[in-house]
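Chemist: Below are the structure tokens for one structure; questions will follow.
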Amino acid sequence: VTPGEGSEVELAGHAPFPLIEPWVQPVEAVHGSPEIRLALAGRPGALLVNGSVELKTVDVKLKALPVWLSVGRGEVSFTNDRVQFRVREGAAAGGRLEGQGEARRQDGRWTHTVEFALARAELEQAYDQWKAKARWATGALSLKGVVTFEAGASLTLARTLGGTLALAVDGGSISRYPALIRIFGLLTSPVQPTLLPDLTKEHMPYRRISGDFVVTNGIMKSKNLVLDSAV
């Protein structure tokens, strides 16, 4: 390194999470020590960064979804203004997980695009990780989609969330779910009273819940949400 002039540095090793945190704002925590390769070149204050990370037996927790994602095999590459990742073999709440994505930085904001597929994750395991007191459903969750969102100092991730999602939950029961209680209340009339159970007190078994969602500015809409139950 020559003072006032350019420098070139190459590093390889296992970096602590605080070192890579500025590049991965949606990530809340990491368990494990992924191997990182990093190259720096240029003048002080204008360094060009190129790096890669091998994801192997690493657990990741996201800020927006407080469930641990276990990555058995994957990789990340990054520069000053771009991050790309791919999860080739992963798991979440007992379900199989695959995904890939990209983030780009412009004017202090990071714009993220994530494509993922989660197959048959157990809701009960997710509740255990959330340490949730209210557990409105049991069953096996499958979720597939593409989502976009922005991250930055003055941004709320949920309000910038967009994309499409396909959801299916199989073989469980519902209880204490306020939104469904309100919906069923609208469907009830004195002429045609509902025969559905009181979800504030009882469980209702179902075969499948499914639907396709469009997400705009954090608001999810569906025109084909189906609850298939013998009840």
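Throughout, read-outs are computed from the coordinates displayed, never taken from laboratory work. Please read these numbers as outputs of a predicted model, since none were measured by experiment. Note: ideal-geometry Cβ built from the backbone for every residue, glycine included; neighbour counts use all protein chains shown.
Chemist: Can you check what the Kirkwood hydrodynamic radius comes to for the chain, Cα pairs only, in Å to one decimal? If you can, show how the numbers build up before the last one.
Modeler: On the way: mean 1/r = 0.0493 Å⁻¹.
It is 20.3 Å.
Chemist: Write down, largest first, the equivalent ellipsoid semi-axes of the range 9-104 in whole Å, where each equals the square root of 5 times an eigenvalue of the alpha-carbon gyration tensor.
Modeler: 25, 13, 12
Chemist: For the chain, with the dipole built from +1 on Lys and Arg beta-carbon atoms and -1 on Asp and Glu ones, taken about the Cα centre, which of GLY108, VAL53, SER229 lies farthest toward the positive end?
Modeler: It is SER229.
Chemist: Here's another thing I want to ask about it. So what is the relative contact order for the range 1-117, in percent, with contacts set as C-alpha pairs under 8 Å and at least six apart?
Modeler: Numbers: 255 pairs, mean separation 19.5, N = 117.
Taking the mean separation of contacting Cα pairs over the length of the range 1-117, I get 17 percent.
Chemist: Using the Cα centre as the reference, give the magnitude of the dipole from point charges on the C-beta atoms of the range 41-121 (Lys, Arg: +1; Asp, Glu: -1; all else neutral), rounded to the nearest 20 debye.
Modeler: Details: 13 positive and 9 negative charges, 19 e Å.
So the dipole magnitude of the range 41-121 works out to roughly 100 debye.
Chemist: On to the next question. Any idea what the dipole of the chain comes to, in debye rounded to 20, about its Cα centre with Lys/Arg Cβ at +1 and Asp/Glu Cβ at -1?
Modeler: Working: 26 positive and 24 negative charges, 152 e Å.
My answer is approximately 720 debye.
Chemist: In percent, what relative contact order does the range 1-53 have, based on Cα pairs under 8 Å that are 6 or more apart in sequence?
Modeler: Details: 71 pairs, mean separation 21.9, N = 53.
It rounds to 41 percent for the range 1-53.
Chemist: Hey, what did the chain get for relative contact order, percent, Cα under 8 Å, at least 6 apart?
Modeler: Numbers: 541 pairs, mean separation 25.3, N = 231.
Relative contact order of the chain: 11 percent.
Chemist: On average over all directions, what projected area in square nanometres does the range 38-175 have, based on the convex hull of its Cα atoms? Write out the running numbers ahead of the final one.
Modeler: Working: hull surface 38.8 nm².
Answer in nm², one decimal: 9.7.
Chemist: Right, another one. Let's see if you can work this out: charge +1 on each Lys and Arg Cβ, -1 on each Asp and Glu Cβ, no other charges. What is the dipole magnitude of the range 90-151 about its Cα centre, in debye to the nearest 20? Intermediate results must be reported in sequence, preceding the final value.
Modeler: Working: 9 positive and 8 negative charges, 29 e Å.
I would put it at about 140 debye.
Chemist: Going toward the positive end of the dipole of the chain, with +1 on Lys and Arg Cβ and -1 on Asp and Glu Cβ, which of THR164, PRO22, PHE78 do you reach last?
Modeler: THR164
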